[in-house]
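Take a look at the structure below.
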């Protein structure tokens with residue numbers, strides 16, 4: 001760091017032989033082989049990485065081909081991970097890429113598996129998987145480079161346990177949802193009508209009807225005096241949307257149209273209170289619309305020709321109606337035609353799906369139905385109709401992806417990965433790719449802006465919790481033994497709450513008798529037989545104390561053989577214990593709390609000792625491997641400040 | 001794995017609930033006969049406000065949370081066809097503090113949600129009709145409304 005020839009700074013270090021060797025040997029996990037993934041694998045291989053594991057559960061679709069450049073038309077339907085790995089190896093045979101078509105959330109990808117990697121690089125497309133990988137990387141103490149792109153915007157960040165924020169230290173924006181009241185009665189934006197058409201109407205007509213509930217208005221005709229009557233009325237309501245025996249698809253489509261765009265609208269208009277401050281909707285009359293659409297092909301005629309169509313996969317009402325421009329909003333009459341046609345096509349030619357269909361943005365007919373229905377509803381409520389293209393994007397939550405953004409972001413990921421391998425985590429940056437040019441401090445114009453990474457949020461519910469490791473025989477040890485010997489005696493927990501996914505155990509004087517009795521049933525059971533999979537090898541168990549402020553998680557390792565001489569307790573607890581602060585003692589529980597604390601102090605391996613001597617280094621191995629003497633003396637904050645000057649140069653990745 | 005934001009918060013909510021439980025209420029994560037617990041579904045019971053036509057009933061309410069809690073509120077469900085102007089036929093409660101575009105705040109506790117629903121029982125919101133029958137009765141036929149509420153209180157009588 002001090003400009004010595006032996007240890008060049010960033011980015012000069014990239015030319016160092018030692019680092020190049022390390023890049024060759026480093027085991028890299030790339031999660032995702034899609035938009036970012038393809039670019040990332042290419043950049044990794046061409047940068048000199050030779051040992052890459054890629055995991056992606058998806059198969060290649062035609063719509064991927066414009067930007068996921070490792071794939072060709074002939075690959076459609078094949079595994080993204082496998083095809084991408086083959087493509088890269090063809091131009092870089094020295095790079096070993098091991099591909100797996102699987103969901104990264106599957107249990108075989110556990111903490112132990114993650115520990116086998118030096119770095120994890122994310123190219124994911126959903127929050128759920130990102131959270132999961134974040135938690136595994138924290139548990140395995142492997143640095144994670146996280147990335148994301150949306151149109152022209154892109155972002156790369158680095159998460160290192162104990163040094164920088166984890167993915168969940170700051171709350172993430174979640175997909176917007178809309179209140180049911182607005183969707184059902186008082187929409188005022190196109191998206192409200194799209195959600196109604198997709199989640200309520202499409203689902204009611206073609207999907208699993210039992211999933212929909214909120215489309216049903218109260219049974220207005222039933223006198224509703226007893227539960228039974230109301231139930232019957234609701235059933236009658238639901239059965240309206242069931243096609244009757246002998247009813248033609250044409251008659252059915254007609255009936256549904258009248259119901260949802262005329263009858264239901266009139267009913268909502270009758271709720272006068274709703275329209276005191278809003279403009280009431282206007283019902284649509286199908287006969288008037290038919291009249292306006294005179295000249296368009298008759299519904300019956302098209303129906304005949306459509307039955308000769310073979311491929312149900314690319315059925316399209318628009319094509320049959322001769323509507324070609326997907327970027328222009330339809331007239332109300334056109335929307336009505338598309339609505340009727342799409343409904344009929346679904347019933348006649350995709351009848352086997354009715355009752356189980358799921359909306360899919362790549363299903364042309366489903367998108368047409370939703371577009372037509374939402375535009376008709378928009379018309380009722382005086383909301384401007386949208387084009388098929390726009391509605392497809394909104395209904396499918398599509399963000400248009402740009403190959404260049406993915407390529408730039410992948411370059412940034414690899415740059416951060418190299419810094420980590422070089423043992424320079426202090427040079428890592430969070431990097432944002434902006435959609436327009438921005439003038440930096442130096443006066444230079446740029447679209448890539450690096451910023452300093454934040455330290456972990458001490459209150460983060462994911463990485464802010466202390467972590468211990470426990471080796472124990474999960475077959476022989478009972479739950480009661482775990483509670484008594486580890487949780488109470490070693491950890492001094494007074495009123496333990498023990499949790500893992502699908503399991504909860506509580507103690508305390510506030511519990512009801514039946515709750516206590518229910519929980520007592522767990523006590524005699526061996527750990528691996530507890531509910532929801534039990535406590536077994538690589539389980540993560542959350543322990544908290546209802547009587548004190550103490551929360552920690554324990555990573556369990558199954559260990560059968562114990563030397564009675566050396567380990568008479570037949571378990572081993574490692575890790576840094578937080579100081580249990582009794583700042584929130586429950587008034588009524590002090591007796592129980594005190595007694596167990598006293599018990600802990602009797603133990604010859606008193607807890608104080610554990611408090612003071614962390615059994616493992618909180619900083620990742622990669623850092624400590626390259627530790628130099630100056631590093632030992634100065635805190636990371638100081639070094640980060642020193643590295644600040646380099647910050648502006650971070651974007652130089654060529 | 002480690003519980004994550006939503007589940008950690010729910011674990012904290014349960015812990016806080018145990019420390020400060022309002023009289024007559026019940027709130028607990030659901031468990032099945034095998035002892036498996038679903039932190040995202042809570043079975044709760046709400047006592048009818050005393051001094052109101054709801055008094056004497058102990059009304060079952062399910063809270064359904066998602067991974068997006070507490071950014072997004074839980075959904076609250078009474079039994080199907082529960083009689084109340086702001087409860088949908090499927091039982092879902094329509095209430096401003098349960099609406100992310102209205103009064104929901106991530107800081108609201110389970111206790112505050114349940115107290116809010118209890119308040120809604122005796123003070124329906126006229127501007128948010130969720131079922132036709134109760135809404136119309138409440139508006140046009142108050143005697144009939146009172147009679148049905150009392151019959152419902154009888155049905156869900158606290159044992």
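Just a few scattered comments:
- The stretch between residue A:103 and residue A:16 holds 27.6 nm of extra length on full extension. This uses 0.36 nm per residue minus the Cα-Cα distance.
- Taking the fewest neighbouring Cβ atoms within 10 Å as the starting point, the ordered list for A:270, A:378 is A:270, A:378.
- Paramagnetic label reach from residue B:143 (point 7 Å along Cα→Cβ; backbone nitrogen cut-off under 20 Å): within the stretch B:38-67, residues B:53-54.
- Beta bridges per DSSP with both ends in the stretch A:1-140, % antiparallel, nearest 5: 5 percent
- Build a GNM of chain B with springs between Cα atoms under 10 Å apart, and of B:134, B:12, B:27 the one that fluctuates most is B:12.
- Cα gyration tensor shape for the stretch B:1-95, rounded if a/c is under 1.5, else prolate or oblate: prolate
- A simple spin-label model places the labels of residue A:537 and residue A:457 3.6 nm from each other, with each point 7 Å out along Cα-to-Cβ.
- Computed label-point distance, nm, for sites residue B:157 and residue A:469 using a 7 Å Cα→Cβ extension: 6.1 nm
- Separation of the residue A:62 and residue A:113 label points, Cα + 7 Å toward Cβ, nm: 3.4 nm
- Legend: calculated FRET efficiency, residue B:126 to residue B:101, from the Cβ-Cβ distance at R0 = 25 Å, rounded to 0.05, equals 0.80.
- For the stretch B:32-98 and the stretch A:325-364, distance of Cα centres in Å: 36 Å
- Our summary gives the stretch B:90-159 a relative contact order of 19 percent, counting only alpha carbon pairs under 8 angstrom and 6 or more residues apart.
- Note: relative contact order over the stretch A:373-520, using C-alpha pairs below 8 Å and six or more positions apart, is 8 percent.
- Going by neighbour counts of Cβ atoms within 10 Å, the residues A:169, B:76, A:262 line up, fewest first, as A:262, A:169, B:76.
- With a Förster radius of 41 Å applied to the C-beta separation of residue A:403 and residue A:170, the computed FRET efficiency comes to 0.90.
- The stretch A:372-406-the stretch A:482-515 distance, computed between alpha-carbon centres (Å): 51 Å
- With contributions of -39500 (n - 2.57) from each DSSP H run of at least four residues, the per-residue ellipticity at 222 nm computed over chain B stands at -10000 deg cm²/dmol.
- FRET efficiency, 1/(1 + (r/R0)^6) with R0 56 Å, evaluated for residue A:328 and residue A:521 via beta carbons: 0.30
- Over the stretch A:348-426, Cα pairs under 8 Å with separation of 6+ residues give a relative contact order of 20 percent.
- Cβ-to-Cβ counts within 10 Å put A:38, A:318 in ascending order as A:318, A:38, the fewest first.
- Annotation: extensible slack from residue A:276 through residue A:564 equals 95.6 nm (criterion: 0.36 nm per residue apart, minus Cα-Cα distance).
Readers should treat all values here as calculations from the given coordinates under stated rules, not as data from a laboratory. Quick caveat, the model's predicted, so the values are computed rather than measured. All Cβ positions, glycine included, derive from the backbone under ideal geometry; neighbour counts span all protein chains shown.
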